[in-house]
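In what follows, a single structure is set out as structure tokens and then discussed.
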Amino acid sequence: MTDTDGTDTRENDEFKVIRANALRGGEVVYLVSGEKSHHWSPSIAEATVYRDAEIAEATALAEKDTDGNVVVGAEAIEITGKHEPVGAKETIRASGGPTIKYGEDALQPDYSI
């Protein structure tokens, strides 16, 4: 695909995935879509990667799941070519947990000084 000035527009595309929170458990999930079906995975490595021209269709699919009470807060996020999120906020989300202790872990005494 080339732009009007002859440059390859594929080089200018950003890689994106759809990220949301599972409504039932609250965990961060990523859209994995196939030809006939789709599902949500907690692994960013499994996420389907979209280019700018394809993101509208993926966003519409995520909106259907939002309307169906499967996920909440679905949005397209930029990633590198290696399925790594761009930016600190998304890197923390993709790491699988908060940066502070909570729940049972927060109740355990920390003697490391």
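Charges only on Cβ, +1 for Lys and Arg, -1 for Asp and Glu: so what's the dipole of region 16-96 about the Cα centre, in debye to the nearest 20? Intermediate results must be reported in sequence, preceding the final value.
Working: 9 positive and 13 negative charges, 41 e Å.
So the dipole magnitude of region 16-96 works out to roughly 200 debye.
Extension gain, H83 to A106: 0.36 nm times the residue separation minus the Cα-Cα distance gives 5.2 nm. Only Cα sites of region 26-97 enter the Debye sum here, all with the same form factor; the resulting log10 I(q)/I(0) across q = 0.19, 0.27 1/Å is -0.78, -1.54, listed in q order.
Each value in this text was obtained by applying a stated rule to the coordinates, not by laboratory testing. This one's a predicted model, so the numbers in the text were calculated from it and none came from an experiment. Here the Cβ is made from the backbone with ideal geometry for all residues, glycine too, and neighbour counts use every protein chain on show.
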